[in-house]
Amino acid sequence: MRRPSINRRLSAGLSLVAAIGATILLVLVFIEYRLGIDTLAGDDASRFALAEVSDHVGLPLLLLTVPALLAGQFVIQRSFRALQESAEVIRDTPAVRGVRVDDGPMPEEVMPFVDAINGLLSRLDAAAREHEAFAADVAHQIRTPLAIMSLALEDTSPDTAALREEVSRMRRLVEQLLLLTQANAQAAVPSRMQTSTLADLATETASGFAPLALRLGRTIAFEDSGGSGTIACHREALSSALRNLLDNALRVTPEGSVITVGTGPGNRLFVRDGGHGLDPARLAAIVQRKGRADEEQRAEGARGAGLGLAIVARIMAAHGGRLETIPERRELAMVFPDRGEGMTPA
Amino acid sequence: MFPKITARGFDSRVGGGHCSGMRVLIIEDNERLAGLVMAALARGGFACDRAGTLAEAGSALDVAEYDAVLLDLGLPDGDGLDWLRQRRRGGFAGPVLVLTARGALDDRVIGLNAGADDYLVKPAAIDEILARVRALMRRPGSRSSPVLSFGRLSFDTVARRATHDGVMLDLTRREADLLELLMRDAGKVVLRQRIETALYAFDDVVSPNAIDALVSRLRRRLQACSAGERIHTLRGLGYLLEEARE
């Protein structure tokens, strides 16, 4: 397909104007001098007519159209020079943060475009900053078990039980990171949406989790609070999200207590634990990865506790929903949008 | 034709001596990882063969019968799942546990669709691998004998008789059916609904606590012969048969 060009359009437009103008002028000339098709037959008459036409039609049109075309092209070239120069600057700029298109020399007409580009660049910067902070956070979290493990291995008779625990902690962390990258990729390219009922999703995930919970002295129950609907979702992602909530519940629920998974009211999946309930402000901080790992460790009593919840929040965002906490009921809930609205990923 | 025996592939059987006759094929190209898994399986009483490539795995399956196959996906001569799909189409029906370093969200589903019976993401704990292999062998249609065993419990699916440590359990027909269901999926949740459909006819009127009552009766039978195996109730979900704790 041929790309539209302003220059070509201008030439075509002016040619059209000239053609229409010429026709009208010709008609006028013919009427004024009472010329007819028959008068053109004679030799003298035709010469006279041609002279008249070139004087009154050709010349004025040429005098008007050609300068207009030249002037137009000149203006276009001048106006776009700013864009061309800017393109060269951008091409030569290394891939660093903080790059913006200089809007100083830009003509008013392209400002909406320039503003949109600059807006996108600053959003990309923010995302890159978030990624860097996150990578630093992760490195920090992995370094701690690594340090413990290498110290323990220096020992002449290493405590294998403790080592195993650190290894499983690292394994979990790596699993979480993989899940997070997948959740993000999913949010970027929403693919493979399936329909599923929340009750099926809850019973399946809870069943899968039950053996682990029982082994650790907690039990799992399922509760249907009504209104559990069918949703369009990426089932495996939601199942992982729910498993993360169960993991979290396992951490805060004392031995011998029940963790309840439930659906409803409305399009909602919840996990009720035996902890103290999570404060909304604290949840917001965890989700935005604002607390440092050290602080988190003190607050949650376990490393990496918050990463799981951050992942749940991202997976929910990709489903147009959110993660919410109801501390007085000791519930964390995955809330989905009502059917028919907002099922497109955020 | 016998499989080509090379240094890398087809290691000799490990722990063949005290095994229960259960034979497992491990298809894994990482020698060290395969060695560790084989040693663990040998401790668990399994005889193991190893294939380092899909070609070797194919020849192994052609000459020997295996109770289970442990399959890694990224192998030097091809993709494990494609291979499995082909074998399944070719009529191979043995239980397959896929063990892989891939861990993308949909891989599990894709793996199960390709014909795997279970799916574990590396690094998996050795105990987990052992538990899954044992669970695979309890599946219906497994080559093993018609006697299910779990911990000290055994259930003869043909004679419909259960024993604990050799002591016969006195079970009604429904209790025996329930025990079989729980034992086939021992260590996992058996959903209430599944029990309902398996134990009662379509037009049977099942009162809400009929299953609860049945489970408590079975529980009492197990306690009567001081079995350590316990049936957990998971409210709203179902039941789980758990191995005796030491």
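Taking a ≥ b ≥ c as the square roots of the eigenvalues of the Cα gyration tensor of segment B:23-137, is the shape rounded (a/c under 1.5), prolate (a/b larger than b/c) or oblate? In terms of gyration-tensor shape, rounded. For segment A:7-16, the Karplus equation 6.51 cos²θ - 1.76 cosθ + 1.60, evaluated at θ = phi - 60°, returns couplings of 4, 5, 5, 4, 4, 4, x, 5, 4, 5 Hz by residue, with Gly and Pro reported as x.
Computed over chain A, the per-residue total of -39500 (n - 2.57) for DSSP H runs of n ≥ 4 gives a 222 nm mean residue ellipticity of -21000 deg cm²/dmol, rounded to 500.
For segment B:25-74, treating each Cα as an identical point scatterer without solvent, what Debye log10 I(q)/I(0) comes out at q = 0.28, 0.31 1/Å? Ignoring solvent entirely, the Cα scatterers give -1.13, -1.27.
Couplings 3J(HN,Hα) of segment A:214-223, computed from phi: 5, 4, 9, x, 10, 10, 10, 10, 10, 9 Hz, in residue order, whole Hz [Karplus 6.51 cos²θ - 1.76 cosθ + 1.60, θ = phi - 60°; x for Gly and Pro]. Counting only protein heavy atoms and a probe of 1.4 Å, the accessible surface of segment A:6-93 is 67% carbon and sulfur. Can you give the angle from 0 to 90° between the axis of helix A:160-188 and the longest principal axis of chain A, with both taken from C-alpha atoms, to the nearest 10? Relative to chain A, helix A:160-188 is tipped by roughly 20 degrees. Taking each residue as 0.36 nm, the span from residue A:117 to residue A:88 lengthens on full extension beyond its C-alpha to C-alpha distance by 8.9 nm. Taking only protein heavy atoms and a 1.4 Å probe, the accessible area of segment A:184-273 is 53% carbon and sulfur.
Ordered from highest to lowest accessible area with the whole protein assembly present and a 1.4 Å probe, A:74, A:80 read as A:74, A:80. Could you work out [θ]222 nm for chain B from helices alone, using -39500 (n - 2.57) per DSSP H run of at least four and dividing by all its residues? Round to the nearest 500 deg cm²/dmol. Taken over chain B, the calculation gives -10500 deg cm²/dmol. For the interface of chains A and B, what total accessible area is buried with a 1.4 Å probe, rounded to the nearest 100 Å²? About 1800 Å² of accessible surface is lost on pairing. Summary value for chain A: 12 percent relative contact order, contacts being C-alpha pairs under 8 angstrom separated by 6+ residues. With the simple model of a label 7 Å out from the Cα in the direction of the Cβ, residue B:124 to residue A:74 spans 7.8 nm.
Looking at segment A:160-335, the pairs of alpha carbons with a distance over 27 Å make up 22% of the total. For chain B, the longest principal axis of the Cα atoms and the long axis of helix B:31-43 meet at an angle of about 40 degrees.
Look at the alpha carbon pairs under 8 Å that are at least 6 residues apart: their mean separation over the length of segment B:68-176 gives a relative contact order of 18 percent.
Within chain A, which is the longest segment that contains none of the GluC sites (Glu not before Pro) sitting in a DSSP loop with at most 10 other Cβ atoms within 10 Å? Can you show the working numbers first?
On the way: sites that count: A:255, A:341.
By the stated rule (loop sites, at most 10 other Cβ atoms within 10 Å), A:1-254.
FRET efficiency for the pair residue A:134 and residue B:194, taken as 1/(1 + (r/R0)^6) with r the Cβ-Cβ distance and R0 = 51 Å, rounds to 0.75. Counting 0.36 nm for each residue step from residue A:172 to residue A:8 and taking away their Cα separation leaves a gain of 52.9 nm. For chain A, the solvent-accessible area with a 1.4 angstrom probe is 57 square angstrom per residue. Divide the volume of the convex hull around the Cα atoms of the protein assembly as shown by the residue count and you get 321 Å³ per residue. Helix B:80-89 and the longest principal axis of the Cα set of chain B meet at an angle near 70°. Legend: P(r) of segment B:147-242 from all alpha carbon pair distances, 5 Å bins from 0, whole percents, reading 3, 13, 28, 27, 18, 9, 2, 0.
Shown for segment A:193-224: residues covered by the partner protein chains by 50 Å² or more of accessible area relative to the chain by itself (probe radius 1.4 Å), namely A:207, A:214, A:222.
The values are calculated or read from the model by the stated rules, or taken from the named source; none is laboratory data. This structure is a prediction, so every number in the text was calculated from the model and none was measured. So basically every Cβ, Gly included, is an ideal-geometry build from the backbone, and we count neighbours across all protein chains shown. Please note that ligands, DNA and RNA were not included when accessible areas were found on the heavy atoms of the full protein model with its side chains. Shrake-Rupley method; radii C 1.70, N 1.55, O 1.52, S 1.80 Å.
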